[in-house]
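J.: Let me give you the structure first, and then I'll get to my questions.
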Amino acid sequence: MRLQSFEIFIVAPPAPGWGGRYWIFTKLTTACGITGYGECYAATVGPKAMAAVIEDVFTRHMEGENPENIELMFRRVYSSGFTQRPDLTAIGAFSGLEMACWDIVGKARNRPVWALLGGKMNARIRSYTYLYPEPGKLDPEFWVNPDMAAKAALRFVDMGFTAIKFDPAGPYTIRGGHQPAMSDITRSVAFCKAIREAVGERADLLFGTHGQFTTAGAIRLGQALEPYAPLWYEEPIPPDNLHEFAEVARHVRIPLATGERLTTKAEFGALLRHGGVKILQPALGRVGGIWEAKKIAAIAEVFNAEMAPHLYAGPVEWAANIHLAASIPNLLIAETIETGGSFHLALIKNSIKWQDGYIIPPEAPGLGIAFDEDLARAHPYTGMRLHLEMQEAPCDYANGNRFEGGAPACPPD
């Protein structure tokens with residue numbers, strides 16, 4: 001087999017856009033006609049620029065290569081330009097291409113990818129979702145109203161989810177860590193209280209932040225949340241200071257989780273050596289792909305740490321997450337984006353099944369998905385904005401802060 005050609009799909013999910021402003025999918029085809037699909041999550045440059053990076057990575061490091069030689073191709077990209085260090089954009093481009101290689105190899109062997117990664121360790125994969133309003137009932141108040149969040153939590157728990165995530169402690173700003181406003185702390189506590197009262201012991205609470213606090217600010221907020229026993233406190237400080245996670249962990253009795261903005265085993269290895277984080281959340285479309293994530297899971301075993309693959313992207317990264325999750329012994333949980341009848345599932349023709357809070361690893365060859373190219377082409381993203389964006393305005397200590405989840409009120413372009 002030899003990799004011969006590639007294609008990129010930049011797809012805009014319909015409003016409200018759970019999973020980001022757009023998704024970048026890759027399609028690889030071998031000279032013998034086998035196709036594979038992948039997804040890139042890295043989004044530090046605009047979609048046109050990212051497409052150019054993907055093309056460069058493919059033509060420079062992968063075209064004409066045997067898709068089985070994943071380790072070789074990774075080392076080429078990782079070392080490109082005399083760097084040999086983590087590069088979020090180049091590795092993100094490779095991540096989507098790497099998934100497509102696994103899809104091809106599985107199809108060529110007539111086996112699902114999990115079978116090529118050591119076999120099936122987990123026959124069912126526990127899943128969680130963010131709290132979202134009911135379809136067609138989007139209200140800006142949802143993101144700041146504890147009672148509305150509690151109602152949504154109960155709806156998802158009744159579906160079968162045993163863990164739900166929410167992030168009422170915004171804003172996420174370009175200014176690095178800040179101290180939370182008292183209103184942010186009060187609202188966060190109110191969310192935890194209302195949701196815990198609504199779901200009782202039926203579900204774990206996953207408290208999401210996105211690196212917005214200083215070390216001291218993260219400690220203040222974390223200590224206020226302790227009475228509600230969240231399963232994790234996600235990325236409470238910026239991801240560019242790995243050492244400080246250990247300082248937060250020394251003062252907060254909630255497990256720390258992080259990793260969606262890190263790439264390669266080099267960064268995750270440093271995170272584990274510094275200590276403090278025992279739940280790793282790699283985004284497979286950014287971290288280096290399936291094989292790199294498998295290595296990270298193995299390193300995590302040595303530190304008695306668990307894996308919780310991250311997903312705020314499209315369904316192909318989700319499929320890659322599932323094959324990784326099926327194959328590892330230290331799986332905690334995997335993220336999903338709602339279930340049933342969504343554009344997310346429609347884009348893969350409902351080829352992955354979710355039942356009573358658990359994902360069922362597919363048995364079909366490769367990633368086990370049926371990617372709908374016609375649907376993808378019918379929803380192109382033609383703008384220039386980024387997949388996700390942070391606000392420039394600082395935290396407002398006088399008037400309070402609002403964060404509208406994955407569906408900000410601003411127009412898409």
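J.: Filtering region 140-164 down to residues that are acidic (Asp, Glu) and at pLDDT 95 or above, which residue is surrounded by the fewest Cβ atoms within 10 Å (Cβ to Cβ)?
T.: The qualifying residue surrounded by the fewest Cβ atoms within 10 Å (Cβ to Cβ) is ASP158.
J.: Sticking with this one: Name the pairs whose Cβ atoms lie under 6 Å apart, with the first residue in region 297-309 and within 11 Å of LEU280 (Cα to Cα), the second outside any helix (DSSP H, G or I) and open to solvent by 60 Å² or more (accessible area, probe 1.4 Å), and 6 or more positions between them or separate chains?
T.: Partner pairs satisfying both residue conditions: ALA305/LYS278.
J.: Tell me, yes or no, whether region 291-309 has at least one residue that is open to solvent by 10 Å² or more (accessible area, probe 1.4 Å), more than 19 Å from GLY19 (Cα to Cα), out of contact with any helix residue (DSSP H, G or I) (no Cβ under 6 Å at 6 or more places or on another chain) and at pLDDT below 95.
T.: no
J.: What number goes with the only condition from (1) modelled with pLDDT under 95; (2) under 20 Å from the mean Cα position of the chain (by Cα); (3) open to solvent by 30 Å² or more (accessible area, probe 1.4 Å) that LYS137 does not pass?
T.: (2)
J.: Restricted to region 1-54, and to residues that are under 13 Å from ALA376 (Cα atoms) and without any contact (Cβ under 8 Å) to a residue 60 or more places away in the chain, which residue is surrounded by the most Cβ atoms within 10 Å (Cβ to Cβ)?
T.: Among those that are under 13 Å from ALA376 (Cα atoms) and without any contact (Cβ under 8 Å) to a residue 60 or more places away in the chain, it is ILE8.
J.: Report, by residue number, each residue of region 161-198 that is under 21 Å from the mean Cα position of the chain (by Cα) and closer than 25 Å to PRO135 by Cβ.
T.: The answer is PHE161, THR162, ALA163, ILE164, LYS165, PHE166, ASP167, PRO168, GLY170.
J.: Further question on the same structure: Taking region 344-364, which residues are more than 12 Å from ARG126 (Cα to Cα) and buried (at least 19 other Cβ atoms within 10 Å of the Cβ)?
T.: Across region 344-364, the qualifying residues are HIS344, LEU345, LEU347, ILE348, ILE352, PRO362.
J.: Any residue at all in region 325-343 that's open to solvent by less than 10 Å² (accessible area, probe 1.4 Å), in contact with a helix residue (DSSP H, G or I) (Cβ under 9 Å, 6 or more places away or on another chain), free of Cβ contacts under 8 Å to residues at least 60 places away in the same chain and of a type outside the set (Phe, Trp, Tyr)?
T.: No, that holds for no residue.
J.: Among (1) over 21 Å from the mean Cα position of the chain (by Cα); (2) hydrophobic (A, V, I, L, M, F, W, C); (3) open to solvent by less than 60 Å² (accessible area, probe 1.4 Å), which single condition is LEU97 missing?
T.: Checking LEU97 against (1) over 21 Å from the mean Cα position of the chain (by Cα); (2) hydrophobic (A, V, I, L, M, F, W, C); (3) open to solvent by less than 60 Å² (accessible area, probe 1.4 Å), the one that fails is (1).
The values are calculated or read from the model by the stated rules, or taken from the named source; none is laboratory data. Model, not experiment: these values are computed from the prediction. Don't worry about glycine lacking a Cβ; one is built from the backbone with ideal geometry, like all the others, and counts go over all protein chains shown. These area figures cover heavy atoms from the full protein model, side chains too; ligands, DNA and RNA do not enter into them. Shrake-Rupley method; radii C 1.70, N 1.55, O 1.52, S 1.80 Å.
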